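To start, the structure itself, in structure tokens.
The values are calculated or read from the model by the stated rules, or taken from the named source; none is laboratory data. Note that the structure is predicted; figures quoted are calculated from it, not measured. So basically every Cβ, Gly included, is an ideal-geometry build from the backbone, and we count neighbours across all protein chains shown.
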Amino acid sequence: MIALHGNELIGVYLLLKHHEPEGDEPLVDLMQRIETYLYQRLSIEEMEQIEYLYEKNIDVLSSKG
């Protein structure tokens, strides 16, 4: 098992989102689980700006605990 934190997790989510792992059920499931986790912890505004925040290296998850 590997643990991802903050922008590492967001980076994996964005990678999966951009490459839409259609037909690859384990990756689709992973992307959906990460997305659910992010929506539970971030505001709608943060989710709408997630790519910008990631590009600017702003770790919005670390402040959420």
query = When residues of region 21-65 are filtered for being surrounded by 14 or more Cβ atoms within 10 Å (Cβ to Cβ), more than 16 Å from G6 (Cβ to Cβ) and either free of Cβ contacts under 8 Å to residues at least 12 places away in the same chain or among the hydroxyl-bearing types (S, T, Y) (or both), how many remain?
reply = 3
inquiry  = I'd like the full set of residues that are within 16 Å of L15 (Cα to Cα) and of a type in the set (V, I, T), limited to region 37-53.
reply    = I50
ask   = Restricting the search to region 5-19, which residues are farther than 15 Å from E51 by Cβ and among the charged types (D, E, K, R)?
value = E8
task = Of all residues in region 8-49, count the ones that are modelled with pLDDT under 95 and under 17 Å from V60 (Cβ atoms).
result = 1
message = Tally up the residues in region 8-26 that are in a helix (DSSP H, G or I) and more than 13 Å from the chain's Cα centre (by Cα), please.
response = 3
